[in-house]
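Before any comments, here is the structure.
The values are calculated or read from the model by the stated rules, or taken from the named source; none is laboratory data. Please read these numbers as outputs of a predicted model, since none were measured by experiment. Using ideal geometry, Cβ is built from the backbone for each residue, glycine included, and neighbour counts are taken over all protein chains shown. What goes into the accessible areas is simple: the full protein's heavy atoms, side chains included, and nothing from ligands, DNA or RNA. Shrake-Rupley method; radii C 1.70, N 1.55, O 1.52, S 1.80 Å.
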Amino acid sequence: MGFYGRYVLPTLTELAMKNEAARTERARIVPLASGVILEIGVGSGLNIPIYGDAVRKLYALDPSAELLRMARRRAQRATFPVEFLQHPAEAIPLEAGTVDTVVTTWTLCTIPDAVAALREIRRVLRPDGRLSTAVPQIREWSAGRIG
């Protein structure tokens with residue numbers, strides 16, 4: 001990985017996600033997550049401090065080693081266990097039906113094969129699980145409606 005991918009892109013990604021509109025939407029969506037959570041595209045971990053008290057465990061998934069390094073610093077103060085997974089969303093390394101909530105904030109549009117990622121999300125969600133996302137026109141789906 002070159003200088004741009006290692007230092008510039010992760011920093012730009014974090015700065016972009018700190019804008020007021022993104023912060024407002026994250027503050028609305030993220031605290032609603034509960035139980036065992038999988039965050040797709042955890043990035044630099046900006047969501048970690050705003051998860052609520054109902055979190056039992058957070059799986060923090062991102063393909064970027066550099067962004068995960070940044071997220072690990074934020075997770076040091078988390079009141080729940082955080083397990084980092086350096087994987088793409090199209091290949092989630094979790095057993096089927098093990099997640100209560102999947103959270104994505106502005107990541108579905110960056111995934112090369114979003115349909116494959118949605119299938120994986122459906123696979124890891126419990127039957128009554130929930131997908132909470134911040135993307136245009138999509139707010140929330142129940143696991144039973146992702147097909």
### Task
Would you list the P(r) distribution for the range 23-99, with all Cα-Cα distances sorted into 10 Å bins from 0 and each bin expressed as a whole %?
20, 55, 25, 0
### Task
Might you tell me the accessible area per residue for the range 25-78, computed with a 1.4 Å probe and given in Å²?
41
#### Entry: Calculated from backbone phi, Karplus (6.51, -1.76, 1.60) coupling profile of the range 101-108 in Hz, x at Gly/Pro
9, 10, 10, 9, 10, 6, 10, 4
### Query
³J(HN,Hα) across the range 75-83 via Karplus (A = 6.51, B = -1.76, C = 1.60, θ = phi - 60°), whole Hz, x for Gly/Pro?
6, 4, 9, 5, 8, 9, x, 10, 10
### Query
Roughly how many percent of the accessible protein surface of the range 72-141 is carbon and sulfur, given a 1.4 Å probe and a whole-percent answer?
51
### Message
Could you tell me the calculated FRET efficiency between ARG126 and ASP53, based on Cβ-Cβ distance and R0 = 22 angstrom, to the nearest 0.05?
### Response
0.65
### Query
How would you rank 32-41, 80-89, highest first, on the average number of other Cβ atoms within 10 Å across their residues?
32-41, 80-89
### Message
Please compute the modelled spin-label separation between ALA27 and ARG69, points set 7 Å along Cα→Cβ, answer in nm with one decimal.
### Response
3.1
